[in-house]
Amino acid sequence: MQHAPADVEQARRDSIEDMAALVAAKRSHPTEDFLSVLVHARDEDGDRLTEPELIDLATQLLLAGHETTVSLIASGVVLLCRYPEQLAALRADPALTPGAVEEIMRFDGPVDSSLLRVALEDVELSGVLVRRGEAVLAHVGAANRDENVFPDAAAFDIRRKDAPQLGFGHGIHFCLGAALARLEGEIALRALVDRLPGLDLAVPPETIAWRPPLSVRGPEEVPVTWAA
């Protein structure tokens, strides 16, 4: 176990207190931002959003909208530095930037497992019987390497076409912030390759520490160098 249950519970309480303080600040001094809008919705009509729901929603938006995108950018830097021909292509052609973000999401995205699903009836998947009431955790990373969907799936290729990666989920669970994450990824990658000539890893890629399984997938830090 990575963290003791007591530490997890304390971290949860701390995050609630921190977000409650931020909500109180926005309530006293609202600005033109999304959290102020949520606070206004809560205060104008309490039936739409309770105070605990407001705090929980704001916390989830922070976690889902920040940590995953940071990991997407960090993983992208590692991948591009590991494949310098891809980095050179991206540097030479800005039109490849959206495809680079999609390929990073497919090849090694920040979310490599889905939400837990429970079978409502017996169903057979790839020759395996999943019985009613059993839980299944689908591995998004494996789906994104399916050779039936992605030819030469083990290759990192920012020019890949028609690659419907599942890094943002699917159906009713499709990521609410997908458009924002894509935009942030494109802006960050473009800025890095345009402003940092000679961008490269400062350490061997195999020495980079990654977060543990079943958490947001990404490197803990990415030391880099670049030309003056």
Which shape class applies to region 128-176: rounded if a/c is under 1.5, otherwise prolate when a/b exceeds b/c and oblate if not, where a ≥ b ≥ c are the square roots of the Cα gyration tensor eigenvalues?
oblate
In region 119-163, which GluC sites (Glu not before Pro) fall in coil by DSSP and have 14 or fewer other Cβ atoms within 10 Å?
121, 134, 147
Can you give me the % of accessible surface on region 1-116 that is carbon or sulfur? Probe 1.4 Å, all protein chains present, nothing else counted.
60
Probe 1.4 Å, all protein chains present, accessible-area order of 23, 123, largest first
123, 23
Can you list which of the DSSP-assigned H helices in the chain have a Cα extent of 24 Å or more along the long axis and an average Kyte-Doolittle score of at least -1.0?
5-28, 178-195
Give me log10 I(q)/I(0) at q = 0.22, 0.24 Å⁻¹ for region 179-218, Debye formula, one equal scatterer per alpha-carbon, no solvent.
-0.94, -0.94
With every protein chain left in place, what is the accessible area per residue of the chain in square angstrom, probe 1.4 Å?
62
Just the number, please: Stokes-Einstein D of the chain in µm²/s, Kirkwood Rh from C-alpha pairs, 20 °C, 1.002 mPa s.
106
What the Cα atoms of region 2-43 span along the principal axes, largest first and in whole Å, is 39, 15, 15
Residue 3 accessible area, nearest 10 Å², 1.4 Å probe?
110
Burial ranking of peptide ranges 201-210, 181-190 (average Cβ count within 10 Å, highest at the top):
181-190, 201-210
Here, region 112-193 modelled as identical Cα point scatterers in vacuum has Debye log10 I(q)/I(0) at q = 0.11, 0.21, 0.22, 0.25 Å⁻¹ of -0.43, -1.16, -1.21, -1.30
Which loop-located GluC sites (Glu not before Pro) does region 1-56 contain, where loop means any DSSP state but H, G, I, E or B and the Cβ has at most 14 other Cβ atoms within 10 Å?
32
Contour minus end-to-end for residue 176 and residue 216, with contour as 0.36 nm per residue of separation and end-to-end as the Cα-Cα distance?
12.7 nm
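The values are calculated or read from the model by the stated rules, or taken from the named source; none is laboratory data. For clarity, every value in this text was computed on a predicted model and none was experimentally measured. Backbone-built Cβ (ideal geometry, glycine too); neighbour counts: all protein chains shown. Accessible surface is based on the protein model in full, side chains and every heavy atom, while ligands, DNA and RNA are left aside. Shrake-Rupley method; radii C 1.70, N 1.55, O 1.52, S 1.80 Å.
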